[in-house]
1. What are the residue pairs meeting all of these: first residue in the range 630-649, first residue closer than 24 Å to M723 by Cα, second residue modelled with pLDDT of 90 or more and among the aromatic types (F, W, Y), Cβ atoms under 9 Å, and 6 or more apart or on different chains?
2. Scan the range 713-732 for residues that are surrounded by fewer than 24 Cβ atoms within 10 Å (Cβ to Cβ) and among the small types (G, A, S) and jot them down.
3. Show me the helices (runs of 4 or more DSSP H) found entirely inside the range 511-597 where at least 3 residues are closer than 17 Å to M723 by Cβ.
4. For the range 513-528, give me the residue count where each residue is surrounded by 12 or more Cβ atoms within 10 Å (Cβ to Cβ) and either under 18 Å from E716 (Cβ atoms) or in contact with a strand residue (DSSP E or B) (Cβ under 9 Å, 6 or more places away or on another chain) (or both).
5. Out of all the residues in the range 598-657, which are assigned to a helix (DSSP H, G or I) and in contact with a His (Cβ under 8 Å, 6 or more places away or on another chain)?
6. In the list T328, T361, T352, which residue meets the criterion of being outside any loop (DSSP other than H, G, I, E, B), more than 21 Å from V474 (Cα to Cα) and of a type in the set (V, I, T)?
7. Can you go through L82, L93 and tell me which one is under 18 Å from V126 (Cβ atoms), aliphatic (A, V, I, L, M) and in a strand (DSSP E or B)?
8. So, A357, is that one within 30 Å of the chain's Cα centre (by Cα) and closer than 29 Å to R220 by Cβ or not?
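The values are calculated or read from the model by the stated rules, or taken from the named source; none is laboratory data. Everything numeric in this text was worked out from a predicted model, so none of it was measured. Backbone-built Cβ (ideal geometry, glycine too); neighbour counts: all protein chains shown.
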Amino acid sequence: MLGSTHGTFTTDPRRAHVVACGELPRHAVHGTAATADDLDVSGRPLHSDVPDLDRFFRPESVAVIGSSDTEGRPNTGITRQLFAWAERVGARLHPVHPTRTSVFGTTCFPSVADLPEQVDLAVLLVADPLPVVEQLAEEKVRFAVAFASGFAETGEEGALAQARLAAAVQRSGMRLLGPNTNLNAFEHFREDLEGPAIALITQSGHQGRPVFALQELGVRLSHWAPTGNEADLETSDFLSYFAERPEVGVIAAYVEGLKDGRAFLLAADRAARRGVPVVAVKVGRTEAGARTAASHTGKLTGADAVVDAAMRQFGVIRVDGLDELQDTAALLARARPPRAEGVAVYSISGGTGAHFADLATEAGLTLPALGGAKQAELHQWIPEYLDVANPVDSGGHPVGDWRGRKIIDAILDDPQVGVLICPITGPFPPMSDQLAQDLVDAAERTDKLVCVVWGSPVGTEDAYRETLLGSSRVATFRTFANCITAVRAHLDHHRFTAHYRSPFDEAPRTPSPSFRKAQALMRPGQQLSEHAAKQLLRAYGIRVPREQLVTSAAAAVRAAGLVGYPVVMKASGAQLAHKTELGLVKVGLTSASQIRDAYRELTDIARYEGAELDGVLVCQMVERGVEMVVGVTHDTLFGPTVTVGLGGVLVEVLRDTAVRVPPFGDDQAQAMLSELRGRALLDGVRGGPPADVDALVEVVQRVQRMALELSGELSELDINPLMVLPRGQGAVALDALAVCR
C-alpha cells in the first residue's frame, strides 16, 4: 500500500472501504511509500518521518513576497519585524515586490525568479498565496509561510480554497506553514537564558503569549510554531521535530483541532520514547458527539473523551487553562527526575499546611508521614506542641533565624521526600524574606524539587521578584491549584516514561485466522442480529453462553433440554437494538410449558412491533458475576476505539466507562479498569469473590483485535452484559449488538 497526505492506493479489498472514505492518515512526509511493516492490520501507519525543519527556524536566506516600507501599510510593520529577525538569526533577507526597487534600503526584486540565490524560506504577504506557491515550487524553495486569511476558517468556500492550496503544496515538495498564521515563529527569543527550553506550538497565536512571557521570569524558550489552519505543516509535525531537539526540555501546545489522529499519536509516541514531556491545552471539552449511535458504547464515547484518553495513553499532560500550561511547562522544563514520589508540605501556619495537604491529597499526591526519628530531629527547632508529621508546621518564628534553614534541610534529607512545597499565603517581612532565601539556598544544594506558592496578590515584593524568581532551582507559583497540577504532572510524567513501551512496536500487522470467519458475517450498512453478533464474538475466541436459534415452540423445548434448565429466551433480529425495553427477553424459564408460552409471547410482541426475526434464542442462564460492557465505536479522528465499563441495564445511567485508542497493551487495558468508579466491584464486595479480571482484560484485547481487523467493516460493537465470573472462571458475553459500516 502507498500512502501520502493527499492520496492512498490499495490492492487489498479488505481495506478498500477505509481507503475510499479517506480514513487512512498521512504517515510520512509528502508521499513516502509505505511497506507492509509500516502499517498495522487496519492499514494505519506505525511509523512517521520527522520533518527536517532546521532551515525553517534557522534559514540562511529568506524572501519576503509583498514587502513594503510605506508607512501605514500592514505589510510594512511585518517587513520591518522580519528584517530585525533575519539580522538576529544571521539570515540574508531579500524583499520581493513587482513595483519597488528597494525596501528599507535593501534591493527589492520584482519576482521570485529574479532572486540572486535559492532561498530556504519564503514569507508570503499576499492575499492569494496559491499563484506564489506555484512560482516557489519552480525555484525549489524549501519552506513558505502564508499569513493570508479567508480559508477553512470562513466556511465551505474557504475550505475549498485551502484544499487547492494544500494540493499545490503537495505537488511542489515544499512545506507550508499556514494559512491564517502570524509572526510568532519570528519573535525575539532571549539568547542569554540557559537550561532546557520550552518549545511552543499554538493554533491561535495569542494563546501562546503567557508561555512566551516566561522568558521574563528566566525560563528559556527555543521555538514557537503558530500552525494556523494547517493546510500542510501541522501540530504533529512540530511535535515530532521538537521531540528530537536536544535543547528542548518540554513541549507546550495550545490545540484547537487535530488534523490527523494517528499522526498525533505517532508524534506523542516519539516524545514518550525520548522522555520529552508534552503539556497541552485542547479546547472542545464540551463538544457533543453529533452522530446517532445504536449501541451503548456509541452513546457513551464522546469525541472529547477519546481525545482525552488518547493523550493519556501516550503521556500527553492535558491541562485546562493557559496559566496551568505556563506553570506546568515551566516546572517540567526545569525539574530534575524525582528521587522519590513523597511530597512534604512545610508552612509557618497549621491552617495553611492543612489546607494545602487536603488539596494535594485529593489530587492524588502522596504525603508520607515522617518517621519518629525525623520528627524528633525537627522538634529540636520547632516547639513540641506543633505537628511535624507532614505537613510540617514551624509556627513562624524559626523561619526568621538560623533554625529555618536547618528545618528545610532536614525535610529534604528524608529519603521518602522527593518534593518540598512551601505555601506562603502572604508576605510577612523580614521573616518571609529570610524564608525565601533559605528555600533558594537549600534548592541549590539538593537535586530534589523545591516549590514555593507565593500567595500575595501584589507580587511586587523583593522576596518574590528578586529572590524566588531569580532562582532557576526553585519552582514558584501564585496559586495552590497550579502548584499541585504541575507537581502531579511532573511525578506522573516520570512514572509514565520509566515504564513506557511503545504499542506501535507490537501492533498486529497481518490478519489473524479469525478475520476471514468474521468478514463472512459482515452485512454492509446493516445491524446484525444478536445471534450473528455472537457468532462474530465466537470467531474471535470470546466466550458466549450455550444457545440455539429456533423457529418454533417445539424446537425451543428441545433446545432448552440440550442447553439445560433454567434458560433465557430472547427474540433475535437484525433491527432489535435494546430488547429488554420491548419485553423481548424472558429469564429463568424452568419448564417446557414456560418455554412454549415464552415463544408465543416473544413472537407476538415482535409481530406487533413490526420487528422481523431470524428466530428465538434459547440460551444458557449465567447468573453469578459482575456485569460489564465492552464495545467498539468509530471516531472520525482516531478511527476505531475500545470502551469498557460497568454494564447491565444501568450502563447509560451510571456512565462509568473508560476508552482507549488501539493499539494498546495489557497495561492500558488494566489502566482502563482502574479509571472506573465501580472498579471495587471487580475486587469483590460484601464478602463476594473477586471477579476474573484477567479474563476481562483478555476480552478487551480480543475486542481490540477485532476493532483493528474489521476497521473498515465494523462501525459499532456492544457486548452488554459481559458477565465476568469469579476469578479463574472466565467471562461470558450474554448479549451483543454489532453495526456494520
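1. V642/F664
2. Result: S715, G728, G730.
3. Values: elements: 514-519, 530-539, 553-563.
So the answer is 530-539.
4. Qualifying residue count for the region: 8.
5. At the first step, the residues of the range 598-657 found to be assigned to a helix (DSSP H, G or I) are 598-609, 651-654.
Selection gives V651, E652.
6. Working: T328 fails: more than 21 Å from V474 (Cα to Cα); T352 fails: more than 21 Å from V474 (Cα to Cα).
T361 is the lone residue from the list that is outside any loop (DSSP other than H, G, I, E, B), more than 21 Å from V474 (Cα to Cα) and of a type in the set (V, I, T).
7. Details: L82 fails: in a strand (DSSP E or B).
Step by step, each of L82, L93 is checked, and only L93 is under 18 Å from V126 (Cβ atoms), aliphatic (A, V, I, L, M) and in a strand (DSSP E or B).
8. Numbers: within 30 Å of the chain's Cα centre (by Cα): yes; closer than 29 Å to R220 by Cβ: no.
No, not satisfied.
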